[in-house]
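To start, the structure itself, in structure tokens.
The values are calculated or read from the model by the stated rules, or taken from the named source; none is laboratory data. Quantities reported herein were computed from a predicted structural model and do not represent experimental measurements. Please note: Cβ atoms are built from the backbone with ideal geometry, for glycine as well, and neighbour counts cover all protein chains shown. Heads up: the accessible areas ignore ligands, DNA and RNA and are worked out on the full protein's heavy atoms, side chains in. Shrake-Rupley method; radii C 1.70, N 1.55, O 1.52, S 1.80 Å.
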Amino acid sequence: MEFQIEHHAALFAYLAREALQRCGAAGEEAVREGVRRYGRQRGRRMARRAQRDGEPLNMTSYLLYGEWADREGKNRQELLGLAPYATACLTCGWCACWQELGLLEYGKLYCLDVDKSLVEGFNPDLVLDIHSTLSAGAERCHFVWNGASFDGESAAAFAAKKAAMGEKNQRDFLYHTAHLLHAMGETFAQLLPGESEAICQGALAAFAGRYGQPAADAVKAAAQADFEAI
């Protein structure tokens, strides 16, 4: 089967639900720390690829080295400004999945930390401003990517460079879903050692109930990878 945004979103919501129902406030903090771990690891991978290619670790490079593409068109974006570069997300595949599952209250924990943790992992000196998020009830997610500024010519050059890179720096959503399980599982083992195994098993059981046991098995197997490697 082909994994999509939905699979990634659903597994996160199931993990968060298990953690909060079993551990309350301690579970919520462990979920948030797991998201931070996950985001920083992704950001570090992006930075290593940029350094491999001789690119500076600035915000423009961060935007260039993203690891996933929305091939389903679930996320509808809007440009808000070029200097500094600012964007809005008007529809979101993650939020749509959480709402469909009735698990937005758990899913929204992902949005509290993931984007800033990604930027921090890429370069801790960079600053991303987030003025609003869909999952918190706003009409849009509003991001200001400080340090990235474009005019017509530089925007065209950026788009051409991104197109030339193709998919070589991207990873599919089986990889990202497995990385999520890996990072959250490591965090639960550290912060909730008596419940970590039950949390992950419960989340994978819910995932299998929705997507089938082979999908859950595929995620569990792929989660054994080295997610710091590029």
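Values for this structure:
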| quantity | calculated |
| --- | --- |
| Search result, residues across the stretch 117-129 that are surrounded by fewer than 18 Cβ atoms within 10 Å (Cβ to Cβ) and either among the basic types (Lys, Arg) or in a loop (DSSP other than H, G, I, E, B) (or both) | Pro124, Asp125, Val127 |
| The listed residue being farther than 26 Å from Gly185 by Cα and either surrounded by 21 or more Cβ atoms within 10 Å (Cβ to Cβ) or in contact with a Lys or Arg (Cβ under 7 Å, 6 or more places away or on another chain) (or both), out of Tyr14, Tyr62, Tyr38 | Tyr62 |
| The lone exception for Arg171 - which of (1) assigned to a loop (DSSP other than H, G, I, E, B); (2) more than 30 Å from Ala206 (Cα to Cα); (3) at pLDDT 95 or above; (4) open to solvent by 40 Å² or more (accessible area, probe 1.4 Å) it fails | (2) |
| Only one of Val119, Val127 that is modelled with pLDDT of 95 or more and touching a Leu at 6+ places or on another chain (Cβ under 6 Å) | Val119 |
| Verdict on Ala163 being open to solvent by less than 40 Å² (accessible area, probe 1.4 Å), assigned to a helix (DSSP H, G or I) and under 26 Å from Ala86 (Cα atoms) | no |
| Number of the condition not met by Ala208 [criteria: (1) of a type outside the set (S, T, N, Q); (2) buried (at least 19 other Cβ atoms within 10 Å of the Cβ); (3) closer than 22 Å to Glu100 by Cα] | (2) |
| Close pairs from the stretch 177-188: first within 15 Å of Val114 (Cβ to Cβ), partner modelled with pLDDT of 95 or more and among the acidic types (Asp, Glu), Cβ under 6 Å, at least 6 apart | Thr187/Glu33 |
| One residue from Ala69, Ala83, Ala88 being more than 30 Å from Glu18 (Cβ to Cβ) and either surrounded by 18 or more Cβ atoms within 10 Å (Cβ to Cβ) or within 14 Å of the chain's Cα centre (by Cα) (or both) | Ala88 |
| Test: residue in the stretch 46-54 that is acidic (Asp, Glu), more than 18 Å from Ala198 (Cβ to Cβ) and open to solvent by 30 Å² or more (accessible area, probe 1.4 Å) | yes |
| In the stretch 141-158, residue modelled with the lowest pLDDT [restricted to those that are more than 21 Å from Leu118 (Cβ to Cβ) and open to solvent by 50 Å² or more (accessible area, probe 1.4 Å)] | Gly152 |
| Members of the stretch 130-144 found to be assigned to a loop (DSSP other than H, G, I, E, B), more than 16 Å from the chain's Cα centre (by Cα) and hydroxyl-bearing (Ser, Thr, Tyr), listed by number | none |
| Cβ-Cβ under 8 Å pairs, at least 6 apart or on other chains, the stretch 201-230 side in a helix (DSSP H, G or I), far side at pLDDT below 95 and open to solvent by 80 Å² or more (accessible area, probe 1.4 Å) | Tyr211/Met1; Pro214/Met1; Ala215/Met1; Ala218/Met1 |
| Close pairs (8 angstrom Cβ cut-off, 6 or more residues apart or separate chains): under 12 Å from Ala10 (Cβ atoms) in the stretch 86-105, part of a loop (DSSP other than H, G, I, E, B) anywhere | Gly93/Gln4; Gly93/Asp70; Gly93/Glu72; Gly93/Lys74; Gly93/Asn75; Ala96/Lys74 |
| Matching residues in the stretch 17-35 - criterion: being crowded, with 19+ Cβ neighbours inside 10 Å, more than 13 Å from the chain's Cα centre (by Cα) and aliphatic (A, V, I, L, M) | Ala19, Leu20, Ala30, Val31 |
